[in-house]
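The values are calculated or read from the model by the stated rules, or taken from the named source; none is laboratory data. Quantities reported herein were computed from a predicted structural model and do not represent experimental measurements. FYI the Cβ positions are ideal-geometry reconstructions off the backbone, even for glycines, and counts take in every protein chain you see.
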Amino acid sequence: MLDGGEQDRAAPFDLLTIERELARSRWNLNFAEAALERAYSAERQEAARLHNRVIISLLVLIFDAYIVAERQSIPETLSLSMLLRFGLITPLTVAYVALDWRGFLRRRNYPILIALLVAPTFLAALQSLWVVSPTAVSNYQAVPLIQLAVLTARVTMRQAIVIQLLSLCLFIATVLHGGFVPSALKASMILTDISVTVCVFMFMWRLDARDRQIFLFTRQAEIGRDILARQNRRLAKMTQADALTGLGNRRCFDDTLTRLWSADGQTAWPVTLIMFDIDCFKQFNDSLGHQAGDECLKMVARAVTQCLRDGRDTLVRYGGEEFAIILPSADLAEGHAVAERVRHAIMARAHPHPGGGPSHVVTISLGVACAQDARQAAAGLVGAADEALYAAKRRGRNCVVCAGESEEGRKQSFFEKKDQKTFIT
């Protein structure tokens with residue numbers, strides 16, 4: 001499992017926070033954790049913008065179409081209705097959609113949206129001041145449908161409460177004071193609108209609770225995937241790490257070469273390989289014991305690491321007392337220079353070795369080989385470096401030999417011997 005710090009870096013909230021929120025009542029209007037509430041609000045607002053542009057436009061078109069019914073039921077307010085619909089609400093809607101599309105509204109988005117959703121009810125209430133004919137009742141009874149239409153817009157529960165309460169108050173005030181509403185119908189119309197308002201409240205509440213649960217489950221799954229991915233990366237790293245020295249292991253070595261040779265032209269050629277091991281290491285273990293041998297291996301790993309280019313070179317424990325360094329974008333001369341630097345760094349440590357020759361300190365022998373491009377097989381590079389390493393041992397140890405060198409001088413390289421191609425000279 002990841003520690004708390006890793007989880008904090010993975011997300012602004014962790015699994016424990018998500019679980020606490022899921023355990024709370026589903027009827028809460030907001031999250032207890034402020035970071036969760038901000039993330040939820042931002043995600044909901046972004047998802048609602050395009051939806052509301054389309055929905056508000058359609059609702060206004062439908063509302064404008066009611067002018068046909070008003071022409072028959074309340075002709076005395078037809079001019080006022082046309083002015084308010086086509087001179088005020090419709091232009092405001094077009095302006096809202098255009099400004100929101102350009103991203104100019106931002107925080108002012110929802111106040112304007114609330115005003116547009118309440119506007120039809122307000123328009124109907126305003127018309128009632130000029131209405132005396134009972135024929136207007138059938139038209140005004142359609143006002144609760146406007147409140148139901150709020151369900152199609154994506155607003156928060158708090159915003160829905162504001163819209164519904166404003167619409168309800170306007171409707172009740174109009175019914176009670178409108179001279180066109182018969183007394184026998186007033187109670188029925190008010191109860192109908194209250195019923196619609198309560199149903200909208202309950203539906204919006206359940207919808208908000210569902211959306212919040214979906215948000216929490218989605219965040220929970222994302223954090224879980226992130227934790228799993230981190231654990232997988234950690235396990236993959238562990239499978240490529242040597243437990244004793246902390247360096248890469250043989251698998252890391254093979255994977256690095258495979259990646260270099262399959263990088264489709266992205267590898268910085270040439271690639272140089274240095275292979276080295278500790279001289280007379282068996283005698284060291286036999287004399288001082290395996291625990292001292294382990295400490296010697298760790299000493300070598302630390303010393304060599306300090307000689308490499310950060311983030312570019314790869315040092316691995318190839319096996320036993322043998323190590324390898326992969327140097328991308330380095331030719332044979334650069335590889336030889338690095339090898340000499342490594343050899344001197346080990347000697348500078350002056351680590352005692354009972355059978356380490358005249359100096360009686362730990363030394364290493366190194367073989368260097370270079371591949372110019374991907375046409376030269378990775379296995380050939382390893383073979384050339386390994387042969388150079390054994391040539392260094394035959395030469396007397398504690399020295400560097402490049403592929404193709406021998407005691408008598410430079411001869412044909414390992415690669416040339418294998419397939420008659422020019423690899424290293």
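Of all residue pairs spaced 6 or more apart or on separate chains, those with beta-carbon atoms under 7 Å, a first member in the stretch 130-158 that is basic (K, R) and a second member that is surrounded by 14 or more Cβ atoms within 10 Å (Cβ to Cβ) are R154/A48; R154/N52.
Results for (1) under 40 Å from the mean Cα position of the chain (by Cα); (2) among the β-branched types (V, I, T), shown as yes or no for each residue.
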| residue | (1), (2) |
| --- | --- |
| P75 | no, no |
| P120 | no, no |
| Q164 | yes, no |
| T174 | no, yes |
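Does L297 fit the bill of being within 21 Å of N249 (Cα to Cα) and not β-branched (V, I, T)? Taking the combined requirement at face value, the residue satisfies it. So in the stretch 105-129, with the set limited to residues that are touching a residue at least 12 places away in the same chain (Cβ under 8 Å), in contact with a Phe, Trp or Tyr (Cβ under 8 Å, 6 or more places away or on another chain) and of a type in the set (A, V, I, L, M, F, W, C), which one is nearest to H177 (Cα to Cα)? Ranking the candidates gives A125 first. Considering the stretch 318-336 alone, what residues qualify as being on the phi > 0 side of the Ramachandran plot and either under 35 Å from the mean Cα position of the chain (by Cα) or of a type in the set (D, E) (or both)? Once the filter is applied, which keeps residues that are on the phi > 0 side of the Ramachandran plot and either under 35 Å from the mean Cα position of the chain (by Cα) or of a type in the set (D, E) (or both), the stretch 318-336 yields only S329.
Within the stretch 287-314, the residues that satisfy the criterion of being under 16 Å from E334 (Cα atoms), without any contact (Cβ under 8 Å) to a residue 40 or more places away in the chain and of a type in the set (A, V, I, L, M, F, W, C) are C307, L308.
Contact annotation: residue pairs with Cβ atoms under 8 Å, 6 or more positions apart or on different chains, pairing a residue in the stretch 231-245 that is over 13 Å from G319 (Cβ atoms) with a partner that is of a type outside the set (V, I, T) and in a helix (DSSP H, G or I), are T239/R251; Q240/R251; Q240/C252; Q240/D255; A241/C252. Checking each residue in the stretch 45-67 for being touching a helix residue (DSSP H, G or I) at 6+ places or on another chain (Cβ under 7 Å) and not polar (S, T, N, Q) picks out R49, R53, I55, I56, L59, V60, F63, D64, I67.
A count restricted to the stretch 370-388 and to residues that are surrounded by 17 or more Cβ atoms within 10 Å (Cβ to Cβ), within 15 Å of A330 (Cα to Cα), aliphatic (A, V, I, L, M) and in contact with a Gly (Cβ under 9 Å, 6 or more places away or on another chain) stands at 2.
For every residue, the table says whether it meets (1) in contact with a Cys (Cβ under 7 Å, 6 or more places away or on another chain); (2) of a type in the set (A, V, I, L, M).
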position: N285; (1), (2): no, no
position: L288; (1), (2): no, yes
position: E295; (1), (2): no, no
position: V304; (1), (2): no, yes
position: L308; (1), (2): no, yes
position: L315; (1), (2): no, yes
position: E322; (1), (2): no, no
position: I326; (1), (2): no, yes
position: G335; (1), (2): yes, no
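Of all residues assigned to the stretch 49-60, none qualifies as being at pLDDT below 85 and surrounded by 19 or more Cβ atoms within 10 Å (Cβ to Cβ). Restricting attention to the stretch 204-243, the residues that are exposed (fewer than 14 other Cβ atoms within 10 Å of the Cβ) and either part of a helix (DSSP H, G or I) or at pLDDT 95 or above (or both) add up to 21. When A391 is tested against (1) without any contact (Cβ under 8 Å) to a residue 60 or more places away in the chain; (2) in contact with a Gly (Cβ under 6 Å, 6 or more places away or on another chain); (3) assigned to a helix (DSSP H, G or I), only condition (2) is not met. Being out of contact with any His (no Cβ under 8 Å at 6 or more places or on another chain), aliphatic (A, V, I, L, M) and crowded, with 18+ Cβ neighbours inside 10 Å is a property that holds for L117.
Checked against (1) at pLDDT below 80; (2) in a helix (DSSP H, G or I); (3) of a type in the set (S, T, Y), S133 passes all but a single condition, namely (2). Residue check: A48 meets all listed conditions (1) over 28 Å from the mean Cα position of the chain (by Cα); (2) touching a residue at least 24 places away in the same chain (Cβ under 8 Å); (3) part of a helix (DSSP H, G or I) but one, namely (1).
On the basis of being modelled with pLDDT of 95 or more, in the same structural domain as I278 (by TED's automatic domain parsing) and more than 18 Å from A303 (Cβ to Cβ), does V382 make the cut? For V382, the condition - modelled with pLDDT of 95 or more, in the same structural domain as I278 (by TED's automatic domain parsing) and more than 18 Å from A303 (Cβ to Cβ) - is met. Note on the stretch 157-203: residues that are loosely packed, with under 14 Cβ neighbours inside 10 Å and basic (K, R) total 1. The residues of the stretch 63-78 that are in a helix (DSSP H, G or I) and of a type in the set (F, W, Y) amount to a single one, F63. Filtered by the rule that a residue be part of a helix (DSSP H, G or I) and touching a Leu at 6+ places or on another chain (Cβ under 7 Å), the stretch 153-184 gives M157, R158, I163. Filter the stretch 362-390 down to the residues that are of a type in the set (A, V, I, L, M) and closer than 17 Å to Y318 by Cβ and list them by number. Across the stretch 362-390, the qualifying residues are I364, L366, V368, A369, A378, A379, L381, V382, A384, A385, A388, L389.
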